[in-house]
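I have placed the structure first, in the form of structure tokens, so that the comments after it can refer back to it.
The values are calculated or read from the model by the stated rules, or taken from the named source; none is laboratory data. Since this is a predicted model, take the numbers as computed values, not measurements. As a convention, Cβ positions derive from the backbone with ideal geometry for all residues, glycine included, and neighbour counts pool all protein chains shown. Remember, those area values only see protein heavy atoms, side chains included, never the ligands or the DNA or RNA. Shrake-Rupley method; radii C 1.70, N 1.55, O 1.52, S 1.80 Å.
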Amino acid sequence: MSYLLTATCAVPAAGAVLTAALPAGSSEARRRASKGVALAVSAATLALTGAVAASLDTGGARYQLTESHTWIRSFGIDFSLGADGIGAVLALLTAVLVPIVMLASWHDADPVRNPDGTFENVRRTQGFFALVLAVEAMVLVSFLATDIFVFYVFFEAMLIPMYFLIGGFGDRAGGPDSAAQRSYAAVKFLLYNLLGGLVMLAAVIGLYVLAQDQGLATFDLPTLTGAIADGKLVIDPTAEKLLFLGFFFAFAVKAPLWPLHTWLPNAMGESTAGTAVLITAVVDKVGTFAMLRFCLGLFPDASRTFGPYILVLSLIGIVYGALLAVGQKDIKRLVAYASISHFGFIIMGIFAFTSQGQSGATLYMVNHGISTAAWMLVAGFLISRRGSRLIADFGGVQKVAPVLAGTFLIGGLATLSLPGLAPFVSEFLVLVGTFAKYPVAGIIATFGIVLAALYALLLYQRTMTGPVKAGVEGMADLRLREVLVVAPLVALTLFLGVYPKPLTDLVNPAVNATLSQIHQTDPAPAHPVAATTGGEHE
Amino acid sequence: MNSLIPLLVAAPLAGAALLLLGGRYLDRLGHWLGTLAAALSFVLGVLLFSDMLGRPTGQRAVHQHLFSWIPVNGFRADVSFQLDQLSVTFVLLITGVGTLIHLYSVGYMAHDERRRRFFGYLNLFLAAMLLLVLADNYLLLYVGWEGVGLASYLLIGFWQHKPSAATAAKKAFIVNRVGDMGLSIAIMLMFTEFGSFAFGPVLGGARQASEGKLTAIALLLLLAACGKSAQVPLQSWLGDAMEGPTPVSALIHAATMVTAGVYLITRSGAIFNLAPDAQTAVVVVGTVTLLFGAIVGCAKDDIKKALAGSTMSQIGYMVLAAGLGPIGYAFAIMHLVTHGFFKAGLFLGAGSVMHGMDDEVNMRHYGGLRKYMPITFVTFGLGYLAIIGFPGLSGFFSKDKIIEAAFAKGGTEGWILGLCALVGAAVTAFYMTRVMLLTFFGEKRWQPSARTGEEPHPHESPATMTLPMILLAFGSVFAGGLFALNSSFLHWLEPVTGHSEGDSPLQPLTVTLLTTVCMLAGVGLAYLMYGRSPVPVTAPVGSPLTRAARRDLLQDDFNHAVLVRPGAGLTASLVYLDSKAVDGLVNGLAATIGGISGRLRRIQTGFARSYALSMFGGALLLAATTLLMRSV
């Protein structure tokens, strides 16, 4: 049994404890030490996740590198992990983004210096970086867990560090009541997600009880899905629908799916840009990932029953999120609503039940993570320079800070899925995968690409072009640290736009396995044409 | 030899990357580097062209597969190129005119501090445009299609500090996105119909699909073409796009990018040929636009906007020809190429005039410039004669062929289309003569420049600018005759586009005579109005039609009333509703379930923090107990 997956999750967890335990950061040197430790740990985690992705055999078993450690024997709960292509690329996304977020947030958690030279709350720095590592560890377990109970525990537990990250660290750009706003946002985040989690807990227990009645006292996902597929575990249709809804509700809150989205703009608006990226690019992905892995695998019939309804909700989310993004006055809330639109695409891709839709949805999770991180983090740099999040406070930035403006434009172009950049690949796959089964939904969703151009380019026009506004004149261009944050994101966006094959190779087998669990196949073309007439001239 | 095809795209792409990432070190030489990249691409294009000429007709099309791009089961997108007679024609036009305009920009942009970036964007444009015409499948074409849109966006908005430029750039991109939606859905439909979106399988297998599906695909492609080629109803962005520097207007918004819609329709001929209803839509769009653009061109006092109206109108001719099917495809492309020469030349001439007139664009403030700018006058004049279809010059041959083809459509339809095209020819002659007279003839009407407060001192432009104008003038004069000689251009393209003579009610000579008479009538009317009496410096109020034409026939008023204002209202009310209704509803639902709403309001009590902490403690406790249970 390999311990690679345990190590991947344990390293950031241990790093979180270590960072938190370092001596308090009253001096710059101590603060730097704790940041350095956290960054090094996240780099080590990245190396481990890379090793996981590299060691997957794309023609091999569904779950690989599996390991299982007995946890609560009386309930059949094992700490079991296993990686498939979908989980592995999302773990990789997480591990790539965390060091970048840390570097971007380098000074966001520095303690406030009092007039007398002392510091308020000297443990802030350690706290922030330890919490980020804690989130990373829990997210990684969620992507790699093959035990439903283990998944549930970490899915819920990550709310705690996230709550403190949202509530404890703002971007210093809010108004006088920003502390109250922030704590409102944190509580809203917590309560929405707790409620979702509670419903899921009931469903988890319900599933266990049902399985136990039929002699399967286990939370092991492969065992249960296998038993369901073979007919060894029979769930009554009504019970299956209820259980599906219990799981789905929790994931739909986290993803978030319209109309359960309203916590996201608050949480992303009030927290630091780094935390906002953690929310939308990493934590929320656990929700969409879990729909794909748990809802579909465990409840195939209910998935098919509810699929069209969920498709409608996701379609509303696509158009609704984009329209609201157009109407926002606050840069970070705009990004949040854009994300809601994008989550609509992801969920639509999952429930279209085609391989293009689901591979596209998985790539979408990765690409949205990368592109939104670029867009949001540059927005964060912009906001911290001006001390305001309001679009109306900016104008003409490209004149004084051309590199900042240029990278912000690239982030916006990635968000509007410009062909050649990574998000185009995934968005088109989702659209074509949906269109193949639900042409009308595919066509309506395509309106989203016009709206995306509208909100992304409006934001750029209003903040970056035109005459230089008061308050923007002396704005500094990106510093070296900030360039180091943006450069890998831009490079990845370009690379995965031109050559996404390494990802599709990893993801396709897992998607095909998922589709066969729910007994779905891709619709055949109406008039298939032998593909020998073109493009085969090597 | 085929391995050179990717280099066509790679050369300008590498140039763009170097120029945009290279930093200030490249400021001094960047413009030459960019020009060199364009020239290299042109040389490669010529090599590939001569290689193709050396092969028999049946073996001229070649493919070059680079790598598998997006493989997901049945969905296979490849980065793969196809070079045939149609694409090599475009390659030569794009890189040839492109190189000349790079050269021109060296002089035109000499005083711009961001010249390096300008050349980076121009190179990016070339790479995207070459990708568009070289792709062997619709999805890769789409990458080039939006890539040129991006370059166009960046270059229209090049002077971003001007709010009007930033607005025009955004408008162009968004209107184009509406068209791109059409291309997007067309590709999806191809995939579900044929299981592929590569040219070979789709165009080869088109016959198997139902006419309804083919009509749908064709109409969607037409929507895409309308966006890119500024055809009614997606024409509104082109006039505003003149905010970009003039070399951009010449290269992107006259000679190459805006003609991509014609390429798309011609390339997809196999689909359109089987969808007669869609073809009718194409000819209607083309005919309406050719008249629309011509009318707008008559009323504009801004020299670039007058030329933009003309571009719209000339592309209308091409779209009309492409809609005629095999009767017209080759002539659409022929007019596209000759138009590429003379319209690029006209725009460069306009740029040269502006260069000498302190960036003045109002033709009512020009006058008598022929004495001060002789080279510009002669080259612009030759372009003028070419576009109005003066016998013997390029436009004469290509436009005449389109009008003949329109009549050859046959029946009432043929008469309507042919007569509209004739009227268009007359109006073209009118507005171009107007431009010519206002700019180069008559009295001086120069006004003090807004920038310097002094009267301009017009002068001839430097050699880097005049040389491209002279070379393009050669093209404007001779290209058409060369193409028409022994129908060489037609025979060149025939293997790709097919050809049929149609069924014309008129003799070719009759059409030519009618066209010439119409042209002379237009010239004469313009001379009567603008050549014989002094031109007022401020525009007279004009007839209602003139006033409407000045406002681009109310296109923006229409879009504002129908789309922008209701859209803004919709988003504003949704923003309000989201915070009130949706949030309130969900919170209210939660309240009925768990009384959470009340707790949400008590956020200041710190209760949530202690709640979270106790939960965390509970989780720890749980973990500890389970560990203990294990050891027992």
For residues in region B:141-165 being among the aliphatic types (A, V, I, L, M) and open to solvent by less than 10 Å² (accessible area, probe 1.4 Å), which is farthest from the other protein chains (Cβ to nearest Cβ)? B:Leu155
If I filter region B:183-196 for residues that are surrounded by fewer than 24 Cβ atoms within 10 Å (Cβ to Cβ) and more than 9 Å from chain A (Cβ to nearest Cβ), do I get at least one hit? yes
Please verify whether B:Ala250 is assigned to a loop (DSSP other than H, G, I, E, B), touching a Leu at 6+ places or on another chain (Cβ under 8 Å), more than 20 Å from A:Val432 (Cα to Cα) and open to solvent by less than 20 Å² (accessible area, probe 1.4 Å), treating the condition exactly as stated. no
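Out of the residues in region A:38-75 meeting the condition of being part of a helix (DSSP H, G or I) and within 14 Å of chain B (Cβ to nearest Cβ), tell me which one is most open to solvent (accessible area, probe 1.4 Å).
Our first condition is that a residue be part of a helix (DSSP H, G or I); within region A:38-75, this holds for A:38-55, A:73-75.
Right, trim to within 14 Å of chain B (Cβ to nearest Cβ) and you get A:73-75.
On the way: A:Arg73: 186, A:Ser74: 83, A:Phe75: 104 Å².
It comes out as A:Arg73.
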Taking the criterion of being assigned to a helix (DSSP H, G or I), within 8 Å of another protein chain (Cβ to nearest Cβ) and open to solvent by 50 Å² or more (accessible area, probe 1.4 Å), would at least one residue in region A:509-528 satisfy it? yes
Do any residues in region B:157-185 that are free of Cβ contacts under 8 Å to residues at least 12 places away in the same chain have Cβ atoms under 6 Å from those of residues that are of a type in the set (Ser, Thr, Tyr) and open to solvent by 10 Å² or more (accessible area, probe 1.4 Å), where the two are at least six apart or on different chains, and which pairs are they? B:Gln160/A:Thr465; B:Ala166/A:Thr465
Taking region B:215-247 and keeping only residues that are buried (at least 24 other Cβ atoms within 10 Å of the Cβ), of a type in the set (Val, Ile, Thr) and at pLDDT below 95, one is left with B:Thr246
Give the residues of region B:193-221 that are in contact with a Pro (Cβ under 6 Å, 6 or more places away or on another chain) and without any contact (Cβ under 8 Å) to a residue 24 or more places away in the chain, sorted by residue number. B:Phe194
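Have a look at A:Val430, A:Val425, A:Val440 and point out the one that is without any contact (Cβ under 8 Å) to a residue 40 or more places away in the chain and either buried (at least 24 other Cβ atoms within 10 Å of the Cβ) or more than 10 Å from every other protein chain (Cβ to nearest Cβ) (or both). Steps first, answer last, please.
On the way: A:Val430 fails: without any contact (Cβ under 8 Å) to a residue 40 or more places away in the chain; A:Val425 fails: without any contact (Cβ under 8 Å) to a residue 40 or more places away in the chain.
Among A:Val430, A:Val425, A:Val440, only A:Val440 is without any contact (Cβ under 8 Å) to a residue 40 or more places away in the chain and either buried (at least 24 other Cβ atoms within 10 Å of the Cβ) or more than 10 Å from every other protein chain (Cβ to nearest Cβ) (or both).
Just checking, which of A:Asp108, A:Asp78 is over 29 Å from A:Ser271 (Cβ atoms), crowded, with 18+ Cβ neighbours inside 10 Å and modelled with pLDDT under 95? Step through it out loud before you land on a result.
Working: A:Asp108 fails: over 29 Å from A:Ser271 (Cβ atoms).
Step by step, each of A:Asp108, A:Asp78 is checked, and only A:Asp78 is over 29 Å from A:Ser271 (Cβ atoms), crowded, with 18+ Cβ neighbours inside 10 Å and modelled with pLDDT under 95.
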Filter region B:554-585 down to the residues that are away from every other protein chain (no Cβ under 11 Å) and open to solvent by less than 50 Å² (accessible area, probe 1.4 Å) and list them by number. B:Gln555, B:Asp556, B:Asn559
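Would region A:224-240 turn up any residue that is within 14 Å of chain B (Cβ to nearest Cβ) and either open to solvent by less than 10 Å² (accessible area, probe 1.4 Å) or of a type in the set (A, V, I, L, M, F, W, C) (or both)?
Of region A:224-240, the ones within 14 Å of chain B (Cβ to nearest Cβ) are none.
No.
Could we say that B:Gly480 is at positive phi and among the small types (Gly, Ala, Ser) here? Spell out how you get there, then give the answer.
Details: at positive phi: no; among the small types (Gly, Ala, Ser): yes.
Taking the combined requirement at face value, the residue does not satisfy it.
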So B:Ile70, is it within 14 Å of chain A (Cβ to nearest Cβ), in a helix (DSSP H, G or I) and among the β-branched types (Val, Ile, Thr): no
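Suppose the filter is polar (S, T, N, Q) and in contact with a strand residue (DSSP E or B) (Cβ under 6 Å, 6 or more places away or on another chain); does A:Gln328 pass it?
So A:Gln328 does not fit the description; no.
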Would you confirm, using the coordinates I've provided, whether B:Gly204 is modelled with pLDDT under 95 and surrounded by 21 or more Cβ atoms within 10 Å (Cβ to Cβ)? no
Here is a list: A:Leu264, A:Leu260. Which entry is within 14 Å of chain B (Cβ to nearest Cβ), outside any strand (DSSP E or B), within 30 Å of A:Ile166 (Cβ to Cβ) and open to solvent by less than 10 Å² (accessible area, probe 1.4 Å)? A:Leu264
Considering every residue within region A:303-319, establish whether at least one is more than 14 Å from chain B (Cβ to nearest Cβ), touching a Pro at 6+ places or on another chain (Cβ under 9 Å) and either more than 27 Å from A:Phe408 (Cα to Cα) or of a type outside the set (A, V, I, L, M, F, W, C) (or both). yes
Tally, over region B:18-37, of residues that are in contact with a Leu (Cβ under 9 Å, 6 or more places away or on another chain), of a type in the set (A, V, I, L, M, F, W, C) and farther than 16 Å from B:Val106 by Cα: 2
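Going by what's in this entry, would A:Ala487 be described as part of a helix (DSSP H, G or I), more than 10 Å from chain B (Cβ to nearest Cβ) and at pLDDT 95 or above?
Criteria met by A:Ala487.
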Answer yes if at least one residue in region B:556-571 is outside any helix (DSSP H, G or I) and not aliphatic (A, V, I, L, M), and no otherwise. no
Could you tell me which of the residues B:Leu48, B:Leu8, B:Leu86, B:Leu19 is in a helix (DSSP H, G or I), more than 30 Å from A:Val430 (Cα to Cα), open to solvent by less than 10 Å² (accessible area, probe 1.4 Å) and within 14 Å of chain A (Cβ to nearest Cβ)? B:Leu19
Out of B:Leu40, B:Leu36, B:Leu13, report the one residue that is away from every other protein chain (no Cβ under 11 Å), in contact with a helix residue (DSSP H, G or I) (Cβ under 6 Å, 6 or more places away or on another chain), at pLDDT 95 or above and open to solvent by 50 Å² or more (accessible area, probe 1.4 Å). B:Leu40
Considering only region A:369-389, I want to know if a residue exists there that is within 14 Å of chain B (Cβ to nearest Cβ) and either open to solvent by less than 10 Å² (accessible area, probe 1.4 Å) or in contact with a Leu (Cβ under 9 Å, 6 or more places away or on another chain) (or both). no
Qualifying residue in region A:142-149 (condition: touching a helix residue (DSSP H, G or I) at 6+ places or on another chain (Cβ under 8 Å), within 14 Å of chain B (Cβ to nearest Cβ) and within 27 Å of A:Ala487 (Cβ to Cβ)): no
Provide a single number: the residues in region B:65-75 that are surrounded by fewer than 20 Cβ atoms within 10 Å (Cβ to Cβ), in contact with a strand residue (DSSP E or B) (Cβ under 8 Å, 6 or more places away or on another chain) and in contact (Cβ under 8 Å) with a residue 40 or more places away in the chain. 1
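Please verify whether A:Asp177 is within 14 Å of chain B (Cβ to nearest Cβ), open to solvent by 40 Å² or more (accessible area, probe 1.4 Å) and over 20 Å from A:Val283 (Cβ atoms), treating the condition exactly as stated.
Numbers: within 14 Å of chain B (Cβ to nearest Cβ): yes; open to solvent by 40 Å² or more (accessible area, probe 1.4 Å): yes; over 20 Å from A:Val283 (Cβ atoms): yes.
So A:Asp177 passes the test.
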